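Visitor: Pasting a structure below so you can have a look.
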Amino acid sequence: MLDRTPKTIRPAGEEIASEESYPMPLVSIIVPAYNTAPYIRETLQSVFAQTFTDYEVVVVNDGSPDTEELERVLEPYQGRIRYLKQENRGLSAARNAGIRASQSPMIALLDSDDLWEPEYLSVQVAEMMRDPSIDVLYPNALIFADSSRREQKFMDLSPSESEVTFEALVTQRCTVMVSAMARRKIILDAGLFDENLKMNEDFDLWLRIMKLGGRIAYHRRILARYRRRKGSLSSNQVRMCEGFIQVLDKAQRTMSLSTSEKAALEQARSFTCAELQFWKGKTAFLQSNPKIAIDNLKNANQFFKSRKIALAIIMLRFAPGLLLQVYRLRNRLIYQIS
């Protein structure tokens with residue numbers, strides 16, 4: 001975690017001492033694009049509104065099925081971005097292609113449906129230049145959805161507490177927000193993103209960076225806006241849990257772990273397996289399959305021992321239709337969905 005002692009953020013436009021030593025832009029912004037043509041214009045506008053301007057933008061079209069529309073949207077920005085196009089190989093491969101094509105000492109990750117506040121780069125760069133020990137830096141963000149006016153802070157849902165360590169990452173005491181900035185060298189030293197992983201590839205990279213002796217830090221200033229939408233990888237909680245377990249299993253298989261790290265990993269795996277059963281149960285419930293929902297929720301509750309889950313199981317046995325009506329009404333009230 002960053003030192004909480006108040007510091008002065010360098011004003012926009014003020015030179016950073018060592019910036020002039022780099023002949024290329026100081027920051028390469030990597031924007032992988034897949035089926036996000038309706039959103040990427042707004043994403044790029046948030047980049048071009050940055051108060052810090054020593055950057056390049058690398059957009060990687062990962063064999064997107066909406067390529068024709070995507071290229072039509074990107075056409076006005078031809079002179080302001082580097083555009084790469086490849087066959088569909090997944091998010092990890094798209095990010096890796098952008099990183100390999102860049103030469104800047106700092107890499108900023110930005111998904112093609114997310115947004116930055118105008119001070120994102122100025123704050124992130126200033127902090128990393130002030131403290132060379134930081135290899136990865138992530139801020140807070142606002143989570144928003146197209147279908148709702150409700151916004152939530154990322155760190156309210158995914159807290160970061162105390163120092164970022166291997167144990168803190170696997171137990172999710174610290175969760176790295178995906179719109180992070182990292183030194184290019186540490187990403188290369190860690191072996192880039194694992195292209196065999198289709199989910200949680202960033203989590204896997206952060207673990208490898210920690211095991212290399214890298215330092216990950218954070219602050220609580222809201223500098224990004226994270227879009228939650230149907231169809232995005234992160235919107236599928238079952239797949240997210242499965243991906244998290246896959247990364248934990250990979251870490252256990254490939255890394256030399258201390259006793260405390262092994263214990264933290266096993267604890268995290270047990271929790272996530274129970275969470276996976278919960279989300280499978282909820283999915284079955286929403287698909288009007290109460291028997292499968294009950295079986296999965298019972299398995300989950302062997303770990304969670306939750307009264308709410310136990311009550312839901314009883315309702316699923318005796319009044320599944322009523323429970324579904326109550327759930328949908330609650331969602332309409334909370335998210336203001338008509």
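The values are calculated or read from the model by the stated rules, or taken from the named source; none is laboratory data. As the structure is a prediction and not an experimental result, all values here were calculated from the model. With ideal geometry, Cβ positions are generated from the backbone for all residues, glycine too; neighbour counts draw on all protein chains shown.
Visitor: So how many residues does the stretch 90-103 have that are in a loop (DSSP other than H, G, I, E, B) and over 11 Å from F193 (Cβ atoms)? Can you show your working first?
Guide: At the first step, the residues of the stretch 90-103 found to be in a loop (DSSP other than H, G, I, E, B) are 90, 102-103.
From what is left, the residues that are over 11 Å from F193 (Cβ atoms) are 102-103.
So the answer is 2.
Visitor: Same structure again: Any residue in the stretch 87-101 that is without any contact (Cβ under 8 Å) to a residue 60 or more places away in the chain and among the polar types (S, T, N, Q)?
Guide: Looking through the stretch 87-101, at least one residue is without any contact (Cβ under 8 Å) to a residue 60 or more places away in the chain and among the polar types (S, T, N, Q).
Visitor: Can you find even one residue in the stretch 134-156 that is closer than 20 Å to A49 by Cβ, touching a Leu at 6+ places or on another chain (Cβ under 8 Å), outside the structural domain of F244 (by TED's automatic domain parsing) and at pLDDT below 95?
Guide: Within the stretch 134-156, the first condition is being closer than 20 Å to A49 by Cβ, and the residues that meet it are 139-142, 144, 151.
With touching a Leu at 6+ places or on another chain (Cβ under 8 Å) added as a condition, the list becomes 139-141, 151.
Going one step further and asking which of them are outside the structural domain of F244 (by TED's automatic domain parsing), we end up with 139-141, 151.
Next, from what is left, pick out any that are at pLDDT below 95: 151.
Yes: one or more hits.
Visitor: Of everything in the stretch 256-285 that's closer than 17 Å to E167 by Cβ and of a type in the set (A, V, I, L, M, F, W, C), which residue is surrounded by the fewest Cβ atoms within 10 Å (Cβ to Cβ)? Steps first, please.
Guide: At the first step, the residues of the stretch 256-285 found to be closer than 17 Å to E167 by Cβ are 256-272.
Imposing the further condition that a residue be of a type in the set (A, V, I, L, M, F, W, C) reduces the set to 257, 263-265, 268, 271.
Values: L257: 17, A263: 13, A264: 21, L265: 22, A268: 21, F271: 17.
That would be A263.
Visitor: A further question follows. Which one of these does L192 not meet: (1) outside any strand (DSSP E or B); (2) crowded, with 20+ Cβ neighbours inside 10 Å; (3) modelled with pLDDT of 95 or more?
Guide: Answer for L192: the failing condition is (2).
Visitor: Turning to a different aspect of this structure: Within the stretch 286-313, restricting attention to residues that are out of contact with any Leu (no Cβ under 9 Å at 6 or more places or on another chain) and within 14 Å of L324 (Cα to Cα), which residue is surrounded by the most Cβ atoms within 10 Å (Cβ to Cβ)?
Guide: Only one residue fits best here, namely N289.
Visitor: Moving to a separate point now. So for the stretch 275-293 (the condition being in contact (Cβ under 8 Å) with a residue 40 or more places away in the chain, out of contact with any Lys or Arg (no Cβ under 7 Å at 6 or more places or on another chain) and of a type in the set (D, E)), does at least one residue qualify?
Guide: No - not one qualifying residue is present in the stretch 275-293.
Visitor: Scanning for something surrounded by fewer than 17 Cβ atoms within 10 Å (Cβ to Cβ), touching a helix residue (DSSP H, G or I) at 6+ places or on another chain (Cβ under 7 Å) and without any contact (Cβ under 8 Å) to a residue 24 or more places away in the chain, does the stretch 239-255 turn up at least one residue?
Guide: yes
Visitor: Something else now. Got a sec? Which helices (runs of 4 or more DSSP H) wholly within the stretch 107-185 have at least 1 residues that are out of contact with any helix residue (DSSP H, G or I) (no Cβ under 8 Å at 6 or more places or on another chain), acidic (D, E) and surrounded by fewer than 15 Cβ atoms within 10 Å (Cβ to Cβ)? Even if it seems obvious, please write down each step before you answer.
Guide: Numbers: elements: 120-130, 154-157, 166-170.
Here the list reads 154-157.
Visitor: Restricting to the stretch 105-133, name every residue that is within 22 Å of K211 (Cα to Cα) and either charged (D, E, K, R) or outside the structural domain of F203 (by TED's automatic domain parsing) (or both).
Guide: Here is the first cut: in the stretch 105-133, the ones within 22 Å of K211 (Cα to Cα) are 105-109, 128, 131-133.
The one that is within 22 Å of K211 (Cα to Cα) and either charged (D, E, K, R) or outside the structural domain of F203 (by TED's automatic domain parsing) (or both): D131.
Visitor: From the list K198, K211, pick out the single residue that is farther than 26 Å from S162 by Cα and either surrounded by 19 or more Cβ atoms within 10 Å (Cβ to Cβ) or not acidic (D, E) (or both).
Guide: Values: K211 fails: farther than 26 Å from S162 by Cα.
Exactly one of K198, K211 is farther than 26 Å from S162 by Cα and either surrounded by 19 or more Cβ atoms within 10 Å (Cβ to Cβ) or not acidic (D, E) (or both), namely K198.
Visitor: So, one more: Looking at F144, F154, F166, can you tell me which residue is closer than 24 Å to E266 by Cα and either touching a Lys or Arg at 6+ places or on another chain (Cβ under 7 Å) or in contact (Cβ under 8 Å) with a residue 60 or more places away in the chain (or both)?
Guide: On the way: F144 fails: closer than 24 Å to E266 by Cα; F154 fails: closer than 24 Å to E266 by Cα.
After ruling out the rest, the residue left standing is F166.
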